[in-house]
1. Between the helical axis of 10-19 and the dominant principal axis of the chain, each derived from Cα atoms, what acute angle in degrees is found, rounded to the nearest 10?
2. Enter the accessible area of residue 37 (Å², nearest 10), with the probe set to 1.4 Å and all protein chains included.
3. What do you get for the angle between helix 93-103 and the principal long axis of the chain? Use alpha-carbon atoms, 0 to 90 degrees, nearest ten.
4. What dipole magnitude, in Debye to the nearest 20, does the chain give about its Cα centre under +1 on Lys/Arg Cβ and -1 on Asp/Glu Cβ?
5. Using a probe of 1.4 angstrom, how much of the accessible area of segment 17-89 is carbon and sulfur, in percent?
6. Report the antiparallel proportion of the DSSP beta bridges in the chain as a percent, rounded to a multiple of 5.
7. Please compute the length gained on full extension between residue 24 and residue 75, using 0.36 nm multiplied by the number of residues separating them and subtracting their Cα-Cα distance.
8. Run the reach check for residue 60 against lysines, Cα to Cα strictly under 18 Å, same-chain hits fewer than 8 apart removed. What comes back?
Amino acid sequence: MNIDMRIKDSREFESIIKTGKKIANSYFVIYYKERKMLFPRFGVTLSKKFGNAVKRNRYKRILREIIRNNQKQFKKNYDYIIIMKKSCENIEYKVIVKKLLALL
């Protein structure tokens, strides 16, 4: 995932979460908000309940890779905040991909 496509600023995170729309299942929560750009942007986050920093960073890398491989599934003029729930901890990669794409 390109650096331009990442949302890192906490104020932007808060803005999208407060004013954007929300969809969820038992594995993910996705907040999204429309904006006027030609490419989507993504923020990825996990709760500290998920595990230590090493484990959280591993799952963030997995999630970013899924996003990179499936960019065409996302609408181009939106910002997305994707929150992975703890229930993703013990499932395999293919199931994570399937559940995320089903939510879209």
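1. That works out to roughly 80 degrees.
2. 90
3. 40
4. 80
5. 50
6. 60
7. Numbers: separation 51, 0.36 × 51 = 18.36 nm, distance 1.72 nm.
Roughly 16.6 nm would be gained on extension.
8. 8, 48, 49, 85, 86, 94, 98, 99
The values are calculated or read from the model by the stated rules, or taken from the named source; none is laboratory data. None of the values given here were measured: they were computed from a predicted structure. So basically every Cβ, Gly included, is an ideal-geometry build from the backbone, and we count neighbours across all protein chains shown. Surface areas here come from the heavy atoms of the whole protein model, side chains and all, with no ligands, DNA or RNA. Shrake-Rupley method; radii C 1.70, N 1.55, O 1.52, S 1.80 Å.
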